[in-house]
Ligand code: SAH
């Protein structure tokens with residue numbers, strides 16, 4: 001077991017179950033997340049026997065950073081896991097802070113046709129500590145705080161739900177990385193039962209839905225998950241989520257040339273989401289070497305945008321990061337593995 005897997009409550013339980021004091025949990029959290037120790041021997045305020053026990057029960061190791069690609073306002077990190085697998089995380093420097101896009105699985109089973117990450121089937125879920133230490137290691141490299149987190153790297157986070165919630169709890173805790181829930185976003189391709197479950201999660205984390213098509217015929221073609229959870233069910237779940245949480249959701253919509261970027265699609269999309277408390281984030285597609293999809297041209301993107309605007313849908317166009325250093329969506333890892 002890795003120490004970065006433990007929530008603060010689990011740490012308390014651990015100390016109590018070893019006849020020790022609850023407050024050690026706060027101390028240990030502070031050593032791990034404020035003082036950033038690299039070895040257990042640096043801890044000075046917990047008794048030696050307890051430290052010995054800790055070092056028998058837990059590993060304090062992080063990931064292995066194997067490659068960083070840097071551009072002006074974006075860095076891409078490639079990490080090796082203990083079993084030799086690779087995952088990636090991307091740091092984006094915004095004027096409002098440093099945002100990191102983390103991976104949640106090795107590979108992905110969702111099979112979205114346009115997505116590079118899904119070309120490799122899921123090998124395994126990432127444990128909470130493997131997500132937490134992506135952030136710790138990036139902060140170490142950056143020598144600055146990460147202020148925003150998006151779970152939009154490799155993997156489907158709602159297919160790794162329990163570890164994801166642990167991750168949120170650890171990074172959000174005031175003695176942990178203290179990243180505010182409103183600064184955390186999770187993106188899902190639309191796993192309906194988990195969306196419903198997530199509506200009961202107490203932290204005010206932002207939810208983004210990868211929609212990418214305004215009707216079942218088209219969505220079935222590009223996102224196989226739609227066959228399990230078609231749009232009617234998805235929309236119903238989102239209505240319940242919105243009612244329960246009083247939050248706003250984001251719809252992500254990649255514009256794929258000639259596929260989902262027509263004026264009819266824009267109108268259909270406006271009708272589909274227009275009644276919800278949401279906004280639509282239009283994403284210029286990052287073309288990859290391996291797949292047949294092309295990005296829509298700027299004129300088409302602006303037309304699509306205007307139609308949504310005219311129909312009173314809140315809409316933004318995603319700023320692009322990292323295209324140059326293949327930091328977009330699973331490309332670095334797949335480059336590495338094809339070498
Ligand atoms: N599985 C989750 C999170 C990971 S993907 C999900 O589906 O939301 C994060 C986002 O990147 C998704 O909206 C996904 O559809 C999008 N994406 C995948 N490949 C892309 C590409 N080549 N260009 C632009 N966006 C892409």
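Values quoted throughout were computed directly from the atomic coordinates according to the rules given, and no laboratory measurement underlies them. Because the structure is a prediction, the values reported are computed rather than measured. FYI the Cβ positions are ideal-geometry reconstructions off the backbone, even for glycines, and counts take in every protein chain you see.
Per residue, the convex hull spanned by the alpha carbons of segment 187-231 comes to 63 Å³. Between residue 246 and residue 13, full extension at 0.36 nm per residue minus the direct alpha carbon distance yields a gain of 80.6 nm. Bridges between two residues of segment 64-337, per DSSP, are antiparallel at a rate of about 50%. Note on segment 3-57: Cα Rg divided by 2.2 N^0.38 Å, N the number of residues, gives 1.00. Considering only the Cα atoms of segment 11-103, their convex hull presents on average a projected area of 8.0 nm².
For segment 89-229, the Kirkwood estimate of hydrodynamic radius, built from reciprocal distances between every pair of different alpha carbons, is 15.6 Å.
Each label point is 7 Å from the Cα along the Cα-to-Cβ direction; what then is the distance between the points at residue 21 and residue 57, in nm? Modelled inter-label distance: 1.7 nm. To test your reading of the geometry: what angle, between 0 and 90 degrees and rounded to tens, separates the Cα axis of helix 48-57 from the longest principal axis of the chain? Taking Cα atoms only, the helix is inclined about 40 degrees. Distance between Cα centroids, segment 18-68 to segment 75-144: provide it in whole Å. Cα centroid of segment 18-68 versus Cα centroid of segment 75-144: 24 Å apart. Using only Cα atoms, find the angle between the long axis of helix 263-273 and the longest principal axis of the chain, and express it within 0 to 90 degrees, rounded to the nearest 10. Between helix and principal axis, roughly 50 degrees.
Seen from a random direction on average, the alpha-carbon convex hull of segment 155-300 projects onto 9.6 square nanometres.
Working from the Cα coordinates of the chain, the gyration tensor eigenvalues give, after taking √(5λ), semi-axes of 38, 22, 17 Å in decreasing order.
Of the peptides 173-182, 39-48, the order by per-residue mean of other Cβ atoms within 10 Å, starting with the highest, comes out as 173-182, 39-48. Compared with the alpha-carbon gap, the fully stretched path from residue 228 to residue 320 is longer by 30.0 nm at 0.36 nm per residue. Based on Cα contacts under 8 Å between residues 6+ apart, segment 3-57 shows a relative contact order of 23 percent. Compute the long axis of helix 128-142 from its Cα atoms, compare it with the longest principal axis of the Cα atoms of the chain, and write down the angle in degrees, 0 to 90, nearest 10. Tilt of helix 128-142: around 90 degrees.
Averaging Cα coordinates gives a centre for segment 197-268 and one for segment 146-187; these two points are 20 Å apart.
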